[in-house]
Amino acid sequence: MTGRLAAVLWDMDGTLLDSEKLWDIAVRELAVELGGVMTDELRHALIGASGPNALRIVFNGLGADPTPRALAEAADFLEWRVGRLMTGPIPWRPGAADALASVRSAGVSTALVTNTVRSLTEFGLDTIGRHHFDVSVCGDEVPEGKPAPDPYLRAAELLGVDPRHCVAVEDSPTGARAAAAAGCAVIVVPCEIPVPAGPGRMLRDSLVGLTVDHLHEALLLNY
């Protein structure tokens, strides 16, 4: 059964990097720009969402008029603001660096799979290190971002593997749903909000001590 593990597909924000806190600053500032206030409930609804979905949630939650121009300006603001916040090293999530290195040293194929757009993902890769991944897939490179399965299906396609033989590592309900919809087993390490248990999901408190054996165990939950 252990031979079925073909690849590990890593989420970025909130999973490998503690970057959700940077997004928190930016989306709260955006709410002010739109004349509203970002409640915690609204903020939590954004975690793990793709860019277009996040903007729809923000505009609906604030009662702002989602005209094409307003949405484009909001997207530009977030990309600019988060880009400035991501300049320089970004803190890792606990255990993430060691877990990533351990999987890589075991010779398992890896991909970075994020809803974040490519321009901002490159800042994250500056901290993580591009050598840790065979491929990376960003939210603006697929037809639909998470919770749709598109990012994970694209990563598996680029790696030439069956997604059912992959383990995704996620921190949010949105990301976990996307990975499961693609057929992947999922290791979930919640960051900002709780993630419910579900079929094919292994929940952990952190990535500290994660080994390849745990990946095999997670994969077995998917069969």
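The values are calculated or read from the model by the stated rules, or taken from the named source; none is laboratory data. Because the structure is predicted, anything quoted here is derived from the model rather than measured. Heads up, the Cβs are rebuilt from the backbone with ideal geometry, glycines too, and the neighbour counts pull from every protein chain shown. Note: accessible area is taken over every heavy atom of the protein model, side chains too, but ligands, DNA and RNA are not part of it. Shrake-Rupley method; radii C 1.70, N 1.55, O 1.52, S 1.80 Å.
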Do you know which residues across region 19-56 are within 11 Å of the chain's Cα centre (by Cα) and assigned to a loop (DSSP other than H, G, I, E, B)? 19, 47, 48, 49, 50
Among the residues of region 133-169, which ones are open to solvent by less than 80 Å² (accessible area, probe 1.4 Å), under 24 Å from residue 195 (Cβ atoms) and touching a strand residue (DSSP E or B) at 6+ places or on another chain (Cβ under 7 Å)? 133, 136, 137, 151, 152, 155, 156, 166, 167, 168, 169
Lone unmet requirement of (1) in contact (Cβ under 8 Å) with a residue 12 or more places away in the chain; (2) within 24 Å of residue 88 (Cβ to Cβ); (3) surrounded by fewer than 22 Cβ atoms within 10 Å (Cβ to Cβ) for residue 15: (3)
Output the residues belonging to region 57-102 that are under 18 Å from the mean Cα position of the chain (by Cα), of a type in the set (Val, Ile, Thr) and either outside any loop (DSSP other than H, G, I, E, B) or over 29 Å from residue 168 (Cβ atoms) (or both). 57, 82
If you check residue 9 against the conditions, is it outside any helix (DSSP H, G or I) and in contact (Cβ under 8 Å) with a residue 24 or more places away in the chain? yes
Considering every residue within region 38-59, establish whether at least one is at pLDDT 95 or above, loosely packed, with under 14 Cβ neighbours inside 10 Å and farther than 22 Å from residue 152 by Cα. no
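If you take the residues of region 190-223 that are among the β-branched types (Val, Ile, Thr) and either part of a helix (DSSP H, G or I) or over 21 Å from residue 54 (Cβ atoms) (or both), which of them is least open to solvent (accessible area, probe 1.4 Å)?
The extreme case among them is 212.
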Top-ranked residue of region 80-106 - restricted to ones that are in contact (Cβ under 8 Å) with a residue 40 or more places away in the chain, among the charged types (D, E, K, R) and closer than 26 Å to residue 8 by Cα, ranked as most open to solvent (accessible area, probe 1.4 Å): 98
